[in-house]
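Let me begin by presenting the structure, written as structure tokens, before commenting on it.
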Amino acid sequence: MSPLTQQSPKNRALPSGWPVRRTPRWVLLAIVLVVLATVALTLTHKPSRAEQASDMRGFLTDMTTDIESCAGGVGESLSALHLVESGQASTSTDVSEGISVAQQGAANCSPVNNQSIDDLDSYQVTESLDGFGLVAVVNDLVIWAVPDAENVQTDVAAVLAARTPAAKSHAESQLNRDLVILNAERTKIDTPINKAIKSLALHSAPPRLPG
């Protein structure tokens with residue numbers, strides 16, 4: 001046998017009989033130019049003031065809608081406490097109703113019980129408003145709801161439920177501390193929103209957050 005091994009016909013590459021067409025270079029170049037132009041347009045596009053103003057109005061509407069049920073509960077809880085402490089509502093029924101309002105309000109500020117707070121937790125701020133720091137505002141608004149507003153309303157229920165002067169004093173001290181935290185969080189929310197409103201010359205206001 002010859003030391004030279006011949007290639008088996010099965011392993012030999014056979015011509016297909018059809019020429020392989022190559023994409024013309026000018027077509028590839030055109031595709032690259034289109035892609036580059038699209039990227040450049042995306043990077044250089046700046047929203048107009050009118051677009052930003054419209055998006056800001058939408059943002060404020062969304063924030064107000066998502067937080068209003070929790071915020072409303074805070075206002076109702078503090079009002080119930082004021083009525084009892086001022087003597088305008090002093091019966092056991094009034095106190096029991098105030099406790100119920102505060103407890104339900106606290107539960108309603110949790111994303112587990114309130115779809116609006118859950119929606120707020122996953123909210124995406126439109127890119128046209130990137131320069132106003134509103135992503136942090138959304139995060140702070142969630143914190144305002146839970147745990148801050150939740151804690152305040154739990155404290156209100158504790159003050160109303162207190163049966164001894166010592167228990168009431170302790171509950172009131174906790175409520176005052178948590179109100180300070182709640183209102184500080186509100187300032188963190190209102191400051192960038194008011195700055196954006198002023199910059200865009202809007203006749204609007206931040207969401208109403210009782211405290």
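The values are calculated or read from the model by the stated rules, or taken from the named source; none is laboratory data. From a predicted model like this one, the values you see are computed outputs, not experimental measurements. Methodologically, a virtual Cβ is constructed for each residue, glycine included, from the backbone with ideal geometry; neighbour enumeration extends over all protein chains shown.
The table that follows gives values for the structure above.
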{"read-out": "Scan of the stretch 31-82 for residues that are of a type in the set (Lys, Arg), modelled with pLDDT under 95 and part of a helix (DSSP H, G or I), ordered by number", "value": "49"}
{"read-out": "Complete set of residues in the stretch 174-211 that are over 18 Å from the mean Cα position of the chain (by Cα), of a type in the set (Ser, Thr, Tyr) and part of a helix (DSSP H, G or I)", "value": "199"}
{"read-out": "Of the criteria (1) touching an Asp or Glu at 6+ places or on another chain (Cβ under 8 Å); (2) within 19 Å of residue 100 (Cα to Cα), which one residue 142 fails", "value": "(2)"}
{"read-out": "Some residue of the stretch 100-110 being touching a Leu at 6+ places or on another chain (Cβ under 7 Å) and over 23 Å from residue 162 (Cα atoms)", "value": "no"}
{"read-out": "Counted residues, the stretch 109-164 - those being not in a helix (DSSP H, G or I) and not β-branched (Val, Ile, Thr)", "value": "11"}
{"read-out": "Residue count, the stretch 108-139 (criterion: touching a residue at least 40 places away in the same chain (Cβ under 8 Å) and either touching a His at 6+ places or on another chain (Cβ under 9 Å) or of a type in the set (A, V, I, L, M) (or both))", "value": "8"}
{"read-out": "Number of positions in the stretch 83-107 that are hydrophobic (A, V, I, L, M, F, W, C), without any contact (Cβ under 8 Å) to a residue 60 or more places away in the chain and assigned to a helix (DSSP H, G or I)", "value": "5"}
